[in-house]
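Novice: Below are the structure tokens for one structure; questions will follow.
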Amino acid sequence: MPKLTPFQQWLQQPDAPTDATFKPTDDSLPLLVVGAGPGGLAGMAALKRAGLAFVGVERHSGVGGIWDKSNATSSIYEGMCTVTSRYTTHLGTPVPDDWPDYLPHQRAHEYLARFAEDEQLLPHLRLSTSFVDAEKTPRGTWLVTLEPADGQTYQEEFRGIIFATGAHNRAQTAVPEALAEMARTGGVPVVHSAEYDSPAPFAGQRVLVVGIGNSGSDIADKISAVAARTLLSVRTSPWINPQTAFGVPCDKLTADTPGWLPYWYRLSTFHVIRHLSVGGHRRLGLKRPRHSLNDRLPIGDRGIVEAIRSGRVVIRSDLVELAQGTARFADPRHEPEPVDVMLLATGFARRYPLLETAGTSNDDVAQALSFLMFHRSEPGLCYLAEAVGQRGCWPVFVDQARAIAAYFRAEQEGRANARRFDARRALETPRFKGALFRQADAFHVDYDIYSQALQELSEWLAA
């Protein structure tokens, strides 16, 4: 008997017991899409194709979200490229063949601007307009407060709201306050990676970078070209993967690998590829990761391996003290070192408007959403929340957007499965991990499994 897919498992569960009665949204009003980055543009395109009325708002003066470096909340920096290749980083329209495999941020922005124009989204979009707040009316609609560039706020009523507010902007930095306060007390300036723009301000300085994710490793490599000394403090060793193998981007290689090949075979084969390119961890001054290669998201080697091997970047263990300009580390073999500035590459926190969660972790946020995007108790609220996987997330935005559009279209047409979905919003969301990301939060998924579930959901809603 064939194994049930996660969506089929969800569908077999009994409806969740609830006292809530869901009033249909008012389809005489448009939907509101907040944000015009890749998620928001995917959302608007899906609504347009489904024949649904909508309005988009974007606080910046142009589209592209963080990929527009002129956006005040952008975390883009000089020389930044996409972590995933052009083969898996798109919104359904292929990236031009003559563009680089890994898109410089200017190209990523250009692609998004072209997409908005080609899909004729600009007439639906109010630029330089910020979402301020919203409240639900007795009629079940949403009265939204918006603020244009002139600061004169106004209110407008909408059928529902689709938030595409992103998770990697300056407004959502995750700052370990204990570390930051330690540095400030010790007289060391603190910069978050989201505020980093170029290596120039760090020339001739002794820089301590805390965190070895994709941004931390890339920024440390870039700073080391001009800094007097660059230390990279690592709490938990990650797996470091090459960006290309046999001249092909590794995410494309993964996407093109036949799914019928056993997982153990694909994993062991990539281990060989990774070892031939990157080598052992100990040679880089890192401990071997305690987790399996795909239990957490690995980082891509955008130059950090060569920087460590050459001595431009020096690996240090977890930072335990920063006093009087001197950093001390957990590993007693690592001598205390003087530091002029500390850069925190400590990531971002997921915070979404009008979404109350039981706690602050990413798993708490995921628990508050059905299928990682539908509000569990408010049919008029949806979230194009970025899922994390082994390839580019932009195509997943497209699948999420189609599912959201399918729901509102089905509800508008009075289809039974739209009402049934409302009755099942509180059910536990299926696991979309498969064999991947067992030690990562719920937003880390196997894209193939998640996309299939979203496609099945869309078809079911339309039935």
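Novice: I need the full set of residues from region 80-101 which are in contact (Cβ under 8 Å) with a residue 12 or more places away in the chain, surrounded by fewer than 17 Cβ atoms within 10 Å (Cβ to Cβ) and within 23 Å of A401 (Cα to Cα), in order please.
Specialist: Of everything in region 80-101, those that are in contact (Cβ under 8 Å) with a residue 12 or more places away in the chain, surrounded by fewer than 17 Cβ atoms within 10 Å (Cβ to Cβ) and within 23 Å of A401 (Cα to Cα) turn out to be G92, T93.
Novice: Quick one: count up the residues across region 232-265 that are open to solvent by less than 40 Å² (accessible area, probe 1.4 Å) and assigned to a helix (DSSP H, G or I).
Specialist: Total satisfying the criteria: 2.
Novice: Continuing with the same structure: Out of the residues in region 164-198 that are of a type in the set (V, I, T) and open to solvent by 20 Å² or more (accessible area, probe 1.4 Å), state the one that is nearest to I223 (Cα to Cα).
Specialist: Here the residue is V191.
Novice: Another question about this same structure. Would you please name the residue that is surrounded by the fewest Cβ atoms within 10 Å (Cβ to Cβ), looking only at residues in region 200-218 that are over 12 Å from V341 (Cβ atoms) and under 27 Å from the mean Cα position of the chain (by Cα)?
Specialist: Among those that are over 12 Å from V341 (Cβ atoms) and under 27 Å from the mean Cα position of the chain (by Cα), it is G213.
Novice: Please determine, by comparing only the residues of region 398-435 that are assigned to a helix (DSSP H, G or I) and open to solvent by 50 Å² or more (accessible area, probe 1.4 Å), which one is nearest to I449 (Cα to Cα).
Specialist: Checking each candidate, the answer is R402.
Novice: Still on this model: Among (1) out of contact with any Pro (no Cβ under 6 Å at 6 or more places or on another chain); (2) farther than 20 Å from A72 by Cα, there is one condition I223 misses while meeting the rest; what is its number?
Specialist: (1)
Novice: Can you give me the number of residues within region 63-79 that are in contact (Cβ under 8 Å) with a residue 60 or more places away in the chain and within 16 Å of the chain's Cα centre (by Cα)?
Specialist: Number of matching residues: 5.
Novice: Among the residues of region 14-28, is there at least one that is closer than 30 Å to A108 by Cβ and open to solvent by 30 Å² or more (accessible area, probe 1.4 Å)?
Specialist: Scanning region 14-28, I find no residue that is closer than 30 Å to A108 by Cβ and open to solvent by 30 Å² or more (accessible area, probe 1.4 Å), so the answer is no.
Novice: Here is a list: V55, V63. Which entry is open to solvent by 10 Å² or more (accessible area, probe 1.4 Å) and part of a strand (DSSP E or B)?
Specialist: Exactly one of V55, V63 is open to solvent by 10 Å² or more (accessible area, probe 1.4 Å) and part of a strand (DSSP E or B), namely V55.
Novice: On to the next question. Taking the criterion of being closer than 27 Å to H444 by Cα, open to solvent by 20 Å² or more (accessible area, probe 1.4 Å) and in contact with a Pro (Cβ under 6 Å, 6 or more places away or on another chain), would at least one residue in region 299-309 satisfy it?
Specialist: Yes, the conditions are met somewhere in region 299-309.
Novice: Out of all the residues in region 325-357, which are assigned to a loop (DSSP other than H, G, I, E, B), closer than 24 Å to N169 by Cβ and of a type in the set (A, V, I, L, M, F, W, C)?
Specialist: A345, A349, L354, L355 - these are the residues of region 325-357 that are assigned to a loop (DSSP other than H, G, I, E, B), closer than 24 Å to N169 by Cβ and of a type in the set (A, V, I, L, M, F, W, C).
Novice: Filter region 220-231 down to the residues that are in a helix (DSSP H, G or I), open to solvent by less than 20 Å² (accessible area, probe 1.4 Å) and touching a helix residue (DSSP H, G or I) at 6+ places or on another chain (Cβ under 6 Å) and list them by number.
Specialist: Once the filter is applied, which keeps residues that are in a helix (DSSP H, G or I), open to solvent by less than 20 Å² (accessible area, probe 1.4 Å) and touching a helix residue (DSSP H, G or I) at 6+ places or on another chain (Cβ under 6 Å), region 220-231 yields I223, S224.
Novice: Among the residues of region 320-341, is there at least one that is small (G, A, S), touching a strand residue (DSSP E or B) at 6+ places or on another chain (Cβ under 9 Å) and open to solvent by 20 Å² or more (accessible area, probe 1.4 Å)?
Specialist: Within region 320-341 (the criterion being small (G, A, S), touching a strand residue (DSSP E or B) at 6+ places or on another chain (Cβ under 9 Å) and open to solvent by 20 Å² or more (accessible area, probe 1.4 Å)), the answer is yes, since at least one residue qualifies.
Novice: Can you tell me which residue in region 278-305 is nearest to E177 (Cα to Cα), limited to those that are outside any loop (DSSP other than H, G, I, E, B) and in contact (Cβ under 8 Å) with a residue 24 or more places away in the chain?
Specialist: Here the answer is I299.
Novice: Which residue pairs have Cβ atoms under 6 Å apart, sit 6 or more places apart or on different chains, and have a first residue in region 197-221 that is among the hydrophobic types (A, V, I, L, M, F, W, C) and a second that is in a helix (DSSP H, G or I)?
Specialist: Partner pairs satisfying both residue conditions: F202/I223; V207/I223; V209/G216; V209/A220; I219/S193.
The values are calculated or read from the model by the stated rules, or taken from the named source; none is laboratory data. In this text, all values refer to a predicted model and were calculated from it rather than measured experimentally. Cβ atoms come from the backbone with ideal geometry, glycine included; neighbour counts cover every protein chain shown. Quick note on the areas: whole protein, heavy atoms, side chains included, nothing else; ligands and nucleic acids left out. Shrake-Rupley method; radii C 1.70, N 1.55, O 1.52, S 1.80 Å.
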